[in-house]
Structure formats: C-alpha cells, structure tokens
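Heads up, the thing below is written out as structure tokens.
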Amino acid sequence: MAAAFFSLFWPNKLLVFSVPVLLYQILIEFGADSFRKIAALDPRVVFDARHNIWNSDWKMLAWAFLLGAAAWLLLGFAGMLQSKRRI
C-alpha cells in the first residue's frame, strides 16, 4: 500500500519499491523509544504472534487488523487526494 501511495509522487520505480522497507526501518530504528514505552503501538509486538499483550489471541489479532486497516485507510485516502490533484 505504501509503495502504491508513493508511486503517485515519485516516478522512479526503484525508489517506489524500496519505500516499504525504508518505512519499516524508520519505524523500528527512530520510533523505537516512543513505541517501546507503549507495547500496543510497537509494530514488532503487534504484528508478531509470539507476543500477547492482552492474554487473548483474538484481541491481539483484532488489534493487528485494526492498526493495519487504519494505515490502509490513511494511505488510501491520501492516495486518492493525490490522484485527484493529478487529473
């Protein structure tokens, strides 16, 4: 999803395909201090099945889907706005 969003801004395919990896690395490296204080927002905890914050697999699965859906909606909405500007 992130690559599709950034392809609206940058025509360079190599940069577009590397964006998801770069965003993940930025989240892990630079956001580590702020995310590690709240485990429910740490992407390494939320999207890893070994961790269980609320002692319920269903709650963890729902939380992961909720965070993924929020990111999908945010990037999708921003992508639609950018594509409307181009037309």
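All told, Phe77 falls short of being under 19 Å from Gln25 (Cα atoms) and surrounded by 11 or more Cβ atoms within 10 Å (Cβ to Cβ).
Evaluation of Arg44 against the conditions (1) open to solvent by 80 Å² or more (accessible area, probe 1.4 Å); (2) in a loop (DSSP other than H, G, I, E, B) shows that the sole unmet condition is (2).
Checked against (1) outside any loop (DSSP other than H, G, I, E, B); (2) more than 30 Å from Arg86 (Cα to Cα); (3) at pLDDT 80 or above, Leu22 passes all but a single condition, namely (2).
The values are calculated or read from the model by the stated rules, or taken from the named source; none is laboratory data. This structure is a prediction, so every number in the text was calculated from the model and none was measured. Every residue, glycine as well, gets a Cβ built from its backbone with ideal geometry; the counts of neighbours run over all protein chains shown. Remember, those area values only see protein heavy atoms, side chains included, never the ligands or the DNA or RNA. Shrake-Rupley method; radii C 1.70, N 1.55, O 1.52, S 1.80 Å.
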